[in-house]
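The values are calculated or read from the model by the stated rules, or taken from the named source; none is laboratory data. Only a predicted model underlies this, so the values are computations on that prediction, with no experimental measurement involved. Methodologically, a virtual Cβ is constructed for each residue, glycine included, from the backbone with ideal geometry; neighbour enumeration extends over all protein chains shown.
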Amino acid sequence: MTASEHVLGLGWDDVSAVEERDGMPTLQVAPQRLRELLEILKRDLGFEVAILVTAVDHSPKAPRFELVQQFLSIQNNERLRLRCPLEGDNPSAPSCIDLWPGAAYMERECWDMFGIQFDGHKNLRRLLMPEAYGHHPLRKEFPHQGIEPDRLYREWERSRIERAAEREGQEGVNS
Amino acid sequence: MGSLKEITTTDDESGFMATQVNELMNWGRKNSLWPMPLGLSCCGIELMAMIGPKFDIARFGAEAARFSPRQCDVMIVAGTLTWKMAEAARTIYDQMPDPKWVIAMGVCSSSGGMYDSYAVVQGVDSILPVDIYVPGCPPRPDALIDAIMKLQRKIERENPLKRVLEGPTELDESGTGIFAKAPNMEVKTKRYGTYMGDSGMKDDHSTARAKEES
Ligand code: SF4
């Protein structure tokens, strides 16, 4: 019995199979059921590796975001993809880093690029963009040339100039 | 050195030379350029090839790449500069002792290149005063050697003595403090005139143009 058949056999009405063009077994799962399903995948079905945690922005459709997670079971030579629609502009989803620690960076990237919060992630900082950046670049409304991409650099530069001017003034007093 | 004249005394073999201080300083500077290899991505590989034995930049006195900015004269920005890295690049530039020059190697550092994106600095000249732009993706090592030679010709025309006598005049807007007013600061405004043409550089094109005009 494959993993997706096992999950579907549990009889949950918020988990359903989705046909995928690339042939990977895929389950659509509601966010409130996601955490339970992840635990089953890790504990009972032998999925050792979290291959991918990412998201899709379906704007302007609702629900806007869709969390996509892919898992690999080496012992059963099996792969599984989960898709989880998330409501709202600033959604959150359960973290899976206690089950698969390797997913920590992918969740950080997902937060950085899409602005999806992961509940239970201990260190949910941005991965690629500077911490104070304030935008999430892979969202649909984000222009590809960015919103003030040099803002943080210019702020840093200005603070340097001020410090240098201060130093100059102090040296003048001392000498 | 064009204006160098050898004057030999008649009674013994030891001689002396007469030259100008500017000529001597420029001659020393241009033949001992120590590059700061800021290899940020693919262009860095060509930079390494240039320094290696096959292209051998030692012929032009610029083989001593140092990884401490305190020892460097010319910063070669080889690769894609991101805004996150820009602060580091500017800090390295500020830490280099005067006199200092900058070569923007490759289209990425010259103009952002194909990365027309939120993450990449669209030309390092928006944060650094660039002296020479090297086109190419990546430029061949010979193109970079050509840039070094162009830079040498540029250094020949500088007037270091004037700066020594007059001293640093004002705090430059970059906030680097003393010696902040680099001689090449004006390059920023003349950005398209520096590689060839109107900067007074006698390359083949400008001589040909002068011939046509006359
Ligand atoms: S100019 Fe081309 S080779 Fe150089 S860093 Fe950019 S992409 Fe790489």
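Points worth noting:
- Residues of the stretch B:93-115 classified as farther than 14 Å from B:Pro69 by Cβ and within 12 Å of chain A (Cβ to nearest Cβ), total: 2
- Annotation note: of A:Leu152, A:Leu138, A:Leu128, the sole residue that is aliphatic (A, V, I, L, M), crowded, with 18+ Cβ neighbours inside 10 Å and within 25 Å of the chain's Cα centre (by Cα) is A:Leu152.
- The stretch A:25-43, residues that are touching a helix residue (DSSP H, G or I) at 6+ places or on another chain (Cβ under 8 Å) and under 12 Å from A:Ala3 (Cα atoms): A:Pro25, A:Thr26, A:Leu27, A:Leu37, A:Ile40, A:Leu41
- Meets criteria (within 28 Å of A:Pro137 (Cβ to Cβ) and within 12 Å of the ligand (Cβ to nearest atom)) for B:Val130: no
- Screening the stretch B:94-115 for residues that are in a loop (DSSP other than H, G, I, E, B) and either more than 24 Å from A:Ile161 (Cβ to Cβ) or modelled with pLDDT of 90 or more (or both) and picking the one that is farthest from the ligand (Cβ to nearest atom) gives B:Gly112.
- Lone unmet requirement of (1) at pLDDT 60 or above; (2) among the charged types (D, E, K, R); (3) under 30 Å from A:Gln145 (Cβ atoms); (4) surrounded by fewer than 17 Cβ atoms within 10 Å (Cβ to Cβ) for B:Lys162: (3)
- Boolean, A:Arg139 is within 14 Å of another protein chain (Cβ to nearest Cβ), touching a residue at least 24 places away in the same chain (Cβ under 8 Å) and part of a loop (DSSP other than H, G, I, E, B): yes
- A:Ile74 being in the same structural domain as A:Ala104 (by TED's automatic domain parsing), exposed (fewer than 15 other Cβ atoms within 10 Å of the Cβ) and more than 26 Å from A:Glu141 (Cβ to Cβ): yes
- If the condition is being under 24 Å from B:Val124 (Cα atoms) and either within 16 Å of the ligand (Cβ to nearest atom) or in contact with a Leu (Cβ under 7 Å, 6 or more places away or on another chain) (or both), then the stretch B:52-71 contributes only B:Ala62.
- A:Arg167 being assigned to a helix (DSSP H, G or I) and without any contact (Cβ under 8 Å) to a residue 24 or more places away in the chain: yes
- Within the stretch B:53-90, the residues that satisfy the criterion of being exposed (fewer than 14 other Cβ atoms within 10 Å of the Cβ) and farther than 26 Å from B:Asn26 by Cα are B:Pro53, B:Lys54, B:Ala88.
- The residues of the stretch B:116-138 that are part of a loop (DSSP other than H, G, I, E, B) and facing chain A (nearest Cβ under 8 Å), listed by number, are B:Asp116, B:Ser117, B:Tyr118, B:Ala119, B:Val121, B:Ile127.
- Residue match in the stretch A:59-77 (condition: within 14 Å of chain B (Cβ to nearest Cβ) and without any contact (Cβ under 8 Å) to a residue 12 or more places away in the chain): no
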